[in-house]
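Reading through the structure tokens given below for one structure.
The values are calculated or read from the model by the stated rules, or taken from the named source; none is laboratory data. Computed from a prediction, not measured in an experiment: that's the story for all the values here. As a convention, Cβ positions derive from the backbone with ideal geometry for all residues, glycine included, and neighbour counts pool all protein chains shown. Surface accessibility is based on the protein's heavy atoms, side chains included, excluding ligands, DNA and RNA. Shrake-Rupley method; radii C 1.70, N 1.55, O 1.52, S 1.80 Å.
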Amino acid sequence: MSESEITITISKSGSYKVSGEMTLLDHDGNPVATPEGRPFFLCRCGQSANKPFCDGSHKSHDWDPTLRTP
């Protein structure tokens with residue numbers, strides 16, 4: 001992976017792992033602080049108390065992590 005490439009990896013039963021330099025924006029277009037130079041994880045289950053970031057809540061909530069296919 002090159003330094004400028006952004007990669008989003010969907011875990012089988014948890015969060016989205018985001019790697020690479022990028023800007024995360026909220027619904028109003030304001031930047032959201034992310035860890036500089038390190039991957040971060042976005043919530044996929046909707047239960048995180050730290051949205052949009054994953055806090056591991058998917059481990060203790062019943063939710064369907066199955067990916068939809070077209």
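Here are the numbers:
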{"quantity": "Enumeration of residues in the stretch 43-62 that are touching a Phe, Trp or Tyr at 6+ places or on another chain (Cβ under 8 Å) and of a type outside the set (Lys, Arg)", "calculated": "Cys43, Cys45, Gly46, Gln47, Phe53, Cys54"}
{"quantity": "Test: residue in the stretch 49-57 that is open to solvent by less than 80 Å² (accessible area, probe 1.4 Å) and among the charged types (D, E, K, R)", "calculated": "yes"}
{"quantity": "Positions within the stretch 1-32 being open to solvent by less than 90 Å² (accessible area, probe 1.4 Å) and assigned to a loop (DSSP other than H, G, I, E, B), in sequence order", "calculated": "Ser2, Glu5, Ile6, Ser11, Ser13, Gly14, Ser15, Gly20, Met22, Asp26, Gly29, Asn30"}
{"quantity": "All positions within the stretch 33-44 that are surrounded by 17 or more Cβ atoms within 10 Å (Cβ to Cβ), touching a Lys or Arg at 6+ places or on another chain (Cβ under 9 Å) and part of a loop (DSSP other than H, G, I, E, B)", "calculated": "Cys43"}
